[in-house]
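Below you'll find the structure, written out as structure tokens, and then a few comments.
Nothing in this text is a laboratory measurement; each read-out follows from the coordinates by a stated rule. As the structure is a prediction and not an experimental result, all values here were calculated from the model. When we count neighbours, we look across all protein chains shown, and the Cβ atoms used for this are built from the backbone with ideal geometry, even at glycine.
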Amino acid sequence: MSAPTPPRASIPRSGARQFAVSVVRQPYIWAVVALLLLIVINLIKDPGYLGISVNATTGNLSGNVIDILRASAPIMMIAIGMTLVIATRGIDLSVGSVMAVSGAVSMEFMNSSGDGSVGGAILAAAFAIGISAVLGAVNGVLVSIVGLQPFITTLITMLAGRGLAKVITSGQNTSASNEPFRWIANGTVFGFPVVFVIGAVIVAIVAVLIRRTALGLMIESIGINPKAARMAGIRPIGILISVYIVSGILAGIAGIFSTASVMTVEVAKTGLSAEMDAILAVVIGGTSLAGGKFSLTGSVIGALLIATLDKTIVFLAIPSSATPAFKALVIVVICLLQSRRVRALFNQRRAPRTPSAPTAPAPTAPRTTRKETVSA
Amino acid sequence: MSKTASFRAFAGIALVGAMALGITACSGGSSAESTGAAGSDGELTTIGFVAVGPEGGWRTANEQNIQDSFSKENGFDLKYAPATNGDQNSQITAFTSFIDEGVDAILLSATEATGWESVLERAQEAEIPVVLLDRGIEPNDTSLYTSHIAPDNVGISASAAEWANAQFPDGANYVVLEGPPGLSVVNDRNKGWDETIDANMKKLESQSANWSTEEAKSVFETILKANNNDVQLVFAQNDEMGLGAALAVEEAGLKPGTDVKIITIDGTKAALTALSEGRLSFVAEYNPLFGDTAIDVVKSALAGETVESDIVVPSVTFDSPEAATEALPTRQF
């Protein structure tokens, strides 16, 4: 159609309003709505759902919100890494296995050294993150220099990674005792769970690195059109390798989070199908799997939503055989609401009502004209 | 025309010649082999073991025991094929390649209960006896396999429920932490429990924690919050999940063993240690050490004798820290 610029764009607005509108227009708005909806459902079941109390015996804050924040931390880590990889048109299926490797390395290290000190915990974590970074680098080199497809490459590391975790622990679920390491997942600082604080700090660091420098733009440009990016002087190899390394490191941190919670690595279970949660969080957050533009905020919200959803299922006592169906249903609805076509449908219906002060002359688009004359 | 005909004739002769050579080579090889085997005091029986692979303490103990029992000293050559990440397809592939190799017998611990009919029929055609270890198949068609050796899941969880009835004569609120829905183990353990547990015991929730400590901890901390800590009993269908529940109880500031009693099934070292410390309350063993029984079954099947199609491995229960402490030093798994 030969419609001119829509009238909404030409109307001047106040800053707050503009902000509100820009938030509502974010692709992850439906994830926020779903998150609030889940909390409301929980509140209906138990009005005290959001209550936070101090536990008399342990002295820690306790409450459902705290649990959700704690459970969301590992998902947040892998989702952030996955967002960057997906923005370059790639995918990282190996995050779950890297979690298992990282957990296996740290548990095995602390188990054999028998060191319960802070130093032992830091050494174990550093060792685990180092190996995760190496695995990420392998992915990056295979994708960027060798030119293998990201899907295949990371599928290989996914299978090999879990195998590696089994080799490291000789197939056993390995436990260790180290109080500082356990504190990472179970302790609190200023009332907040340590995992969530660490996670939030890491997200902030990544966000600053990506958004305050040209790095984010370069990643997006590789995702949108690798050839044009190269012509413009961006070297894809270095950026691709570092993106996969970052994803590996973040998966390693997620592995530490999830094994520290029980101080046991379960080689067949730790991080199992975590890549699916990560991809879901990214998609729910509004980043397209086709690469290009990405939203770190969206992925964080996606991670929070998945954690809330998991907790809600248990809180509502949904029978275990129905849980996967329930989870799938919620996610399908969110994805549907986010799809461009469905959104366009909504916008069309909402368009006439948005301008509160219809001072602009009626545009030539026939449908709008008709409705505006009716409302005027 | 005549040219192609003569070529065909030539090709035919060449083919026959090659086959004849091949056959003589074959027979030569086999005769050499048999003499070699005779020299080393009887031929080894080849066994294919389609296994689950690393899954937890119990599985490791079970598969290690099978591998140790079917040793070269006992006259067996065991080929161990664990599943890739619990995938049934990889098991079926391993199973068919064992048939093609022509092993003498196949041991199978299936990751999924259903979908085994066609490969089991192929094994039957090849006259290879199949012995199911631990995990059964569904539908349970006993004509498809030689024997199924396993501890009795229904009986074990029934004994756990009897203990719970005795502990809480006035009733209590309880939660079941089960394995992934659909497994025969999960169905059997649910069946034994549900049939035996008293009516005054109130089931608050039954959730899957996928056999995992981490998931069980996360699930149970939420269940405790949803019920304001008003849970007196947990029936965890394996040790790992029970240990996870114990961690969640401790995190909530309660004391496992007194505030919340936890029942687990399997009886691994980790669980018995926790029981001896009072963190668990009841551990029902699911005996993984039945390698000797499996050897007897395989031997009599190969000798052409009839074997019982369902063999129950005896298991014991531990209901006190003392019993656990006593059993710990000699625990093999």
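Report, by chain and number, residues whose modeled amide H sits under 5 Å from the one on B:V313, excluding near sequence neighbours (fewer than 5 apart, same chain).
B:A150, B:D152
Tell me, B:E112, B:E162 in order of fewest to most beta-carbon neighbours within 10 Å? Don't skip to the answer; put the middle values down first.
Values: B:E112 19, B:E162 15.
Lowest count first: B:E162, B:E112.
Which residues in region B:261-299 place their backbone N less than 19 Å from a point set 7 Å from the Cα of B:E101 along the Cα-to-Cβ direction?
Label zone hits: B:295, B:298-299.
Calculate the FRET efficiency for B:V154 and A:A232 from the Cβ-Cβ distance with a Förster distance of 56 Å, rounded to the nearest 0.05. Mind dumping the intermediate values first?
Working: r = 68 Å, r/R0 = 1.22.
It comes out at approximately 0.25.
Mind giving me the FRET efficiency for A:T58 and A:A16? R0 is 60 Å, r the Cβ-Cβ distance, nearest 0.05 is fine.
Working: r = 42 Å, r/R0 = 0.71.
So, using R0 = 60 Å, E works out to roughly 0.90.
Roughly speaking, what is the centre-to-centre gap between region B:134-184 and region B:200-268 when only Cα atoms are used, to the nearest Å?
About 18 Å separates the Cα centre of region B:134-184 from the one of region B:200-268.
Mind listing the long-range amide H neighbours of B:E205? Cut-off is under 5 Å, sequence gap 5 or more, other chains count too, H placed in the peptide plane at 1.01 Å from N.
B:V176
Once you order the gyration tensor axes a ≥ b ≥ c over the Cα atoms, which shape class does region B:45-145 get: rounded for a/c under 1.5, otherwise prolate or oblate by comparing a/b with b/c?
Working: a/c = 1.64, a/b = 1.10, b/c = 1.49.
Oblate is the answer for region B:45-145, as a/c is 1.5 or above yet b/c matches or exceeds a/b.
Is there a simple number for the mean count of other chain Cβ atoms within 10 Å of the Cβ of residues in B:203-213, and what is it?
Averaged over the peptide's residues, the number is 5.
Provide the percentage of antiparallel DSSP beta bridges, counting only those with both residues in chain B; round to the nearest 5.
Working: 2 of 43 bridges.
So the antiparallel bridges in chain B amount to around 5 percent.
Pop out the ³J(HN,Hα) list for region B:89-101 in order, Karplus 6.51 cos²θ - 1.76 cosθ + 1.60 with θ = phi - 60°, rounded to Hz; leave Gly and Pro as x.
After applying 6.51 cos²θ - 1.76 cosθ + 1.60, I find 4, 5, 5, 5, 4, 4, 4, 5, 5, 5, 4, 5, 5 Hz.
Between A:W183 and A:L36, what is 0.36 nm times their sequence separation minus the Cα-Cα distance? Round to one decimal in nm. Spell out each step's value before the answer.
Values: separation 147, 0.36 × 147 = 52.92 nm, distance 2.99 nm.
My answer for the length gained is 49.9 nm.
Averaged across the residues of B:214-221, what count of C-beta atoms belonging to other chains lies within 10 Å of each residue's C-beta?
On the way: counts 15, 6, 1, 5, 10, 5, 1, 8.
Taking the mean over all residues of the peptide, I get 6.
Tell me, what is the FRET efficiency for B:S71 and B:D310 to the nearest 0.05, using R0 = 22 angstrom and their Cβ-Cβ distance as r? Present the calculation step by step, with values, prior to reporting the outcome.
Numbers: r = 26 Å, r/R0 = 1.20.
The value I calculate is 0.25.
Within 10 Å of each residue's Cβ, count the other Cβ atoms and sort B:W211, B:W58 from fewest upward. All intermediate terms of the calculation are to be shown ahead of the outcome.
Numbers: B:W211 29, B:W58 23.
Listed from fewest to most nearby Cβ atoms, that is B:W58, B:W211.
Determine the shape class of region A:216-258: with a ≥ b ≥ c the square roots of the Cα gyration tensor eigenvalues, call it rounded for a/c under 1.5, and otherwise prolate if a/b is greater than b/c, oblate otherwise.
Working: a/c = 4.61, a/b = 3.18, b/c = 1.45.
Since a/c reaches 1.5 and a/b is larger than b/c, the shape of region A:216-258 is classed as prolate.
For each of A:D310, B:D310, B:D239, B:D152, count neighbouring Cβ atoms within 10 Å of the residue's Cβ, then give the residues from fewest to most.
Ordered by Cβ neighbours within 10 Å, fewest first: B:D310, B:D152, A:D310, B:D239.
Once phi is turned into θ = phi - 60°, what whole-Hz ³J(HN,Hα) does the Karplus curve with 6.51, -1.76 and 1.60 give for every residue of region A:91-105, x standing for Gly and Pro?
Values per residue, Gly and Pro as x: 7, 10, 7, 8, 4, x, 5, 5, 4, 5, 4, 4, x, 5, 4 Hz.
With just the Cα atoms defining each centre, how far is region B:270-313 from region A:247-311? Give it in Å.
Value for the Cα centre distance between the two parts: 39 Å.
If you take the square roots of the eigenvalues of the alpha-carbon gyration tensor of the protein assembly as shown and sort them as a ≥ b ≥ c, do you get rounded (a/c under 1.5), prolate (a/b over b/c) or oblate? Write down the numbers at each step before the final one.
Numbers: a/c = 2.01, a/b = 1.33, b/c = 1.52.
Oblate, because a/c is 1.5 or more while a/b does not exceed b/c.
Would you pull out the residues with amide H under 5 Å of B:V260's amide H, same chain only if 5 or more places away, H placed 1.01 Å from N?
Close amide H contacts, sequence-distant or interchain: B:K255.
Count charges around A:M110 for me, please; just the other residues with Cβ under 13 Å from its Cβ, Lys/Arg as +1, Asp/Glu as -1.
Values: positive: A:R182; negative: A:E108, A:D115, A:E179.
Cβ neighbours under 13 Å give a net charge of -2.
Please report the spacing between the Cα centers of region A:114-155 and region A:24-54 in Å, no decimals.
35 Å
First select every other residue whose beta carbon is under 13 angstrom from the beta carbon of A:S221; then total the charges, Lys and Arg +1, Asp and Glu -1. Present the calculation step by step, with values, prior to reporting the outcome.
On the way: positive: A:R89, A:K227, A:R230, A:R235, A:K293; negative: A:E220.
Every neighbour counted, the sum reads +4.
Starting from the 7 Å offset along Cα-to-Cβ, what nm value, one decimal, do you get for the label separation of B:D259 and B:N227?
Calculated label separation equals 1.4 nm.
Using a simple spin-label model with points 7 Å from Cα along the Cα→Cβ vector, what separation in nm is obtained for B:E138 and B:A323?
Using points 7 Å along Cα→Cβ, the separation is 3.0 nm.
Extending each Cα 7 Å along its Cβ direction at B:R122 and A:I224, get the distance between those two points in nm, one decimal.
5.2 nm
Quick one: Karplus J couplings for region A:142-154, per residue in order, coefficients 6.51, -1.76, 1.60, θ = phi - 60°, nearest Hz, x for Gly and Pro?
In residue order, the calculated couplings are 5, 6, 7, 7, 6, x, 6, 6, x, 4, 5, 4, 6 Hz.
Specify, per residue and in Å³, the volume enclosed by the convex hull of the alpha carbon atoms belonging to chain B.
Details: hull volume 55.6 nm³, N = 333.
In chain B, the Cα hull volume divided by residue count equals 167 Å³.
Got the relative contact order for region B:45-145 handy, in percent, Cα pairs under 8 Å and 6 or more residues apart? Before the final figure, lay out each step's value.
Numbers: 161 pairs, mean separation 29.9, N = 101.
Relative CO of region B:45-145 lands at 30 percent.
Residue by residue through A:258-265, how many Cβ atoms from other chains fall within 10 Å of the Cβ on average?
Values: counts 3, 2, 1, 7, 12, 2, 9, 2.
Partner-chain Cβ atoms within 10 Å, mean over residues of A:258-265: 5.
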